[in-house]
Amino acid sequence: QVQLVESGGGLVQAGGSLRLSCTASGMIFSINAMAWYRQAPGKQRELVARITSGGSTNYADSVKGRFTISRDNAKNTVYLQMNSLKPDDTAIYYCNTQIHFIGYWGQGTQVTVSS
């Protein structure tokens, strides 16, 4: 059974940094793309960043140059380094992968950026 467990969220002031982690189990981590999504109150869930099995990345325009996604296949973990955080980055952040057209989600971790 695929499980994704996020950690690293919290409260930070604008301009600060956080690093989110997502550890996967029950899957062959190294061959799967991984992604981070976020959902702010009253808004739809949106893709933040994605990394392929080969390490190629793509980002939402709103986070380009501030966020970095990376992966450590030896630890079955994907990271999201978030710098220069803004109040608009406040949301629940979810880890995601898709295997055989089935989407799997973590429980989410809250990120709150104060102004």
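The values are calculated or read from the model by the stated rules, or taken from the named source; none is laboratory data. Bear in mind that the values here come from a model prediction, so they are computed numbers and not experimental data. Here the Cβ positions follow ideal geometry from the backbone for every residue, glycine too, while neighbour counts run over all protein chains shown. Side chains are part of the model used for accessible areas, which takes the heavy atoms of the whole protein and leaves out ligands, DNA and RNA. Shrake-Rupley method; radii C 1.70, N 1.55, O 1.52, S 1.80 Å.
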When you look at Ser70, is it modelled with pLDDT of 95 or more, out of contact with any strand residue (DSSP E or B) (no Cβ under 8 Å at 6 or more places or on another chain) and over 20 Å from Thr112 (Cα atoms), yes or no? no
Considering only segment 1-58, state which residues are touching an Asp or Glu at 6+ places or on another chain (Cβ under 7 Å) and either open to solvent by 40 Å² or more (accessible area, probe 1.4 Å) or hydrophobic (A, V, I, L, M, F, W, C) (or both). Leu20, Cys22, Tyr37
Can you find even one residue in segment 87-105 that is open to solvent by 30 Å² or more (accessible area, probe 1.4 Å), over 19 Å from Gln3 (Cα atoms) and of a type outside the set (Asp, Glu)? yes
When you go through Gly42, Gly55, Gly65, Gly103 one by one, which is the residue that is farther than 18 Å from Gly9 by Cα, assigned to a strand (DSSP E or B), out of contact with any Cys (no Cβ under 8 Å at 6 or more places or on another chain) and among the small types (Gly, Ala, Ser)? Gly103
